[in-house]
Amino acid sequence: MVRCRRAYDGYEFHHVYHAVNTFCTVQLSARYLDICKDRLYCEGAASVTRRAAQTTMWCVGETLVRMMAPILSFTAEEVWDHLPGGGTEQGSVFLAPLPTIVAEWSDDPLIARWNRLWEVREIVNKSLETARAEKRIGNALGAMVTIACPEESRGFLASFGPQLADLLIVSEIRFDTGPEAAAGETAGDVVVQVAPAAGKKCVRCWKWSRAVGTHAGHPELCERCTTVVMHA
């Protein structure tokens, strides 16, 4: 947003285009939206994680459409008309002001934290591509990823909790500090190995889990999907 506002002020509209395009293709499509598909499609309708993702996407969309309106006029107006609550106060996106920078949303330590995770995700993705090419796995959700790293890096990754597997879009994450994990894709002090995930594939979310088949009423679902379906 900072780059776009600066570019508008300087009448450098091509910089706005490049910034918006990069944001949509890298930060949104290749990362956030890809990661959030599971919670949007598979979590319960009232799930806190699902609702949080919807709220975030609305905030991003509402801000993005106002930012791109001067250079993508027809597209912006069409999106505005379909954005929930988008036209409640202003009948047109062109009657809405350009978004302002919210100082509270600028958090350099948080940005550094996520950039560090993206570096790990990049090496994991490379390992997954190699495993797919070698026919050891089908898609990423059919993988169990073993990460060997020093204690500090392990603590950093473990701080993401159970969501780490979702962030890396795999079914299972394991940590290893032994020498047997020395072979694999390497990035800095992190070594990644890929193996087929244990258990069976859930037909609803496509994750592999040892819990698939343990519920008599829903023998093809994992524990999470069984709970969602039973309480739908």
Checklist (1) loosely packed, with under 13 Cβ neighbours inside 10 Å; (2) small (G, A, S); (3) assigned to a loop (DSSP other than H, G, I, E, B) applied to G44, failing item: (1)
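What residue, of V228, V192, V212, is of a type in the set (A, V, I, L, M), assigned to a loop (DSSP other than H, G, I, E, B) and either in contact (Cβ under 8 Å) with a residue 60 or more places away in the chain or touching a Gly at 6+ places or on another chain (Cβ under 8 Å) (or both)? Break it down into steps so the answer makes sense when it comes.
Details: V228 fails: assigned to a loop (DSSP other than H, G, I, E, B); V192 fails: assigned to a loop (DSSP other than H, G, I, E, B).
Just one listed residue meets the conditions, V212.
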Looking only at the range 117-153, and only at residues there that are among the polar types (S, T, N, Q) and out of contact with any Gly (no Cβ under 7 Å at 6 or more places or on another chain), the one that is surrounded by the fewest Cβ atoms within 10 Å (Cβ to Cβ): N139
Sole residue being among the aliphatic types (A, V, I, L, M) and more than 29 Å from Y11 (Cβ to Cβ), chosen from L72, L110: L110
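Of the residues R116, R121, R154, which is in contact with a Leu (Cβ under 8 Å, 6 or more places away or on another chain) and either within 21 Å of W208 (Cα to Cα) or part of a helix (DSSP H, G or I) (or both)? Walk me through how you get there before you give the answer.
Details: R116 fails: in contact with a Leu (Cβ under 8 Å, 6 or more places away or on another chain); R154 fails: in contact with a Leu (Cβ under 8 Å, 6 or more places away or on another chain).
After ruling out the rest, the residue left standing is R121.
Considering every residue within the range 113-121, establish whether at least one is at pLDDT 90 or above, of a type in the set (F, W, Y) and in contact with a Lys or Arg (Cβ under 8 Å, 6 or more places away or on another chain). I'd like the intermediate steps shown before the answer.
Step one: list which residues in the range 113-121 are at pLDDT 90 or above, which gives 113-121.
Checking which are of a type in the set (F, W, Y) leaves us with 114, 118.
After this cut, where a residue has to be in contact with a Lys or Arg (Cβ under 8 Å, 6 or more places away or on another chain) as well, the list is 118.
There is at least one residue in the range 113-121 that is at pLDDT 90 or above, of a type in the set (F, W, Y) and in contact with a Lys or Arg (Cβ under 8 Å, 6 or more places away or on another chain).
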Residue among D176, D189 that alone is in contact with a Pro (Cβ under 8 Å, 6 or more places away or on another chain) and either at pLDDT below 95 or of a type outside the set (A, V, I, L, M) (or both): D189
Enumeration of residues in the range 1-52 that are over 17 Å from the mean Cα position of the chain (by Cα) and of a type in the set (F, W, Y): Y8, Y11, F13, Y17
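The values are calculated or read from the model by the stated rules, or taken from the named source; none is laboratory data. All values derive from a computational prediction rather than experimental measurement. Don't worry about glycine lacking a Cβ; one is built from the backbone with ideal geometry, like all the others, and counts go over all protein chains shown.
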